[in-house]
Amino acid sequence: MARRPAVFIDRDGTLTEEVGYVNHPSRLRLLPRSAAAVRRLNEAGIAAVVATNQAGIARGYFSEDLMRVVHARLVEALEDAGAHLDGLYVCPHHPTEGAPPFRADCDCRKPKPGLLQRAARDLDLDLGESTMVGDKASDLLVAPAVGARAVLVLTGYGQGEWEYRREHFSVTPDHVAADLLDAVDWVIGRIRTRVGGVWGEPEGPPIR
Ligand SMILES: [Mg+2]
Ligand SMILES: [Zn+2]
């Protein structure tokens, strides 16, 4: 099968509510239309891949084990709504906080492109046909680094970023979306317009 496009989804403020550090599973809540958005990607044969910075691990605010529990809940909540993620990639690092191995000048903390590149290798993705969706200017910066499109959502920090900080953006979003579902509709519409079709059926259980 040809390499698939992906939508890379920031977690906090884009897929789930922005609540600060998620240091307990009870703090993670999907935004209202997130499951529908992921389901629509599944149906279109576009990979749905979460790419998230979780420097709270480097800072010692929560453990990797806690984060795994949180992410298992997230996957389960989406599956319950008939939506599946093709991948979930995390940067647990911070360049100056905490202690090694998490205090690291890594290549994966957004806006660096390491998470997207790793996902592309693992999942055989076409980065040039992919889109990064996030609620911060720093999420958008990842996109041109890998030849992808950038979409800002107005959930989470997005509305404040767009209303008060847009003159400071070094990457102009290709689209500004009300939320993740609106972003996904833009991506699908654009692909249909450009290539006159969508990719094959989604493949089997994604989260390993
Ligand atoms: Mg965010
Ligand atoms: Zn990292």
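The values are calculated or read from the model by the stated rules, or taken from the named source; none is laboratory data. Just so we're clear, the structure is a prediction, and the values are computed from it rather than from any experiment. For neighbour counting, all protein chains shown are included, and Cβ atoms are generated from backbone atoms with ideal geometry for every residue, glycine included. Calculation scope for accessible area: heavy atoms of the full protein, side chains included, ligands and nucleic acids excluded. Shrake-Rupley method; radii C 1.70, N 1.55, O 1.52, S 1.80 Å.
Worth pointing out:
- Just one of the listed residues (41, 66, 30) is at pLDDT 95 or above, within 25 Å of residue 160 (Cα to Cα), more than 12 Å from the chain's Cα centre (by Cα) and of a type outside the set (D, E, K, R), namely 30.
- Some residue of the stretch 31-39 being surrounded by fewer than 21 Cβ atoms within 10 Å (Cβ to Cβ), closer than 17 Å to residue 139 by Cα and within 13 Å of ligand 1 (Cβ to nearest atom): no
- In this entry, residue 70 is excluded by the filter for residues that are of a type in the set (A, V, I, L, M), touching a Leu at 6+ places or on another chain (Cβ under 7 Å) and in a loop (DSSP other than H, G, I, E, B).
- Cβ-Cβ contacts under 8 Å between residues 6 or more apart (or on different chains), taken from a first residue in the stretch 74-92 that is touching a residue at least 24 places away in the same chain (Cβ under 8 Å) to a second residue that is among the aromatic types (Phe, Trp, Tyr), are listed as 92/102.
- All positions within the stretch 150-188 that are of a type in the set (A, V, I, L, M, F, W, C), within 16 Å of ligand 1 (Cβ to nearest atom) and touching a residue at least 60 places away in the same chain (Cβ under 8 Å): 153, 180, 183
- Of all the listed residues (178, 150), the sole one being closer than 17 Å to residue 10 by Cβ, at pLDDT 95 or above and buried (at least 19 other Cβ atoms within 10 Å of the Cβ) is 150.
- If only residues of the stretch 102-129 that are open to solvent by 20 Å² or more (accessible area, probe 1.4 Å) and among the aliphatic types (A, V, I, L, M) are counted, the one that is nearest to residue 53 (Cα to Cα) is 104.
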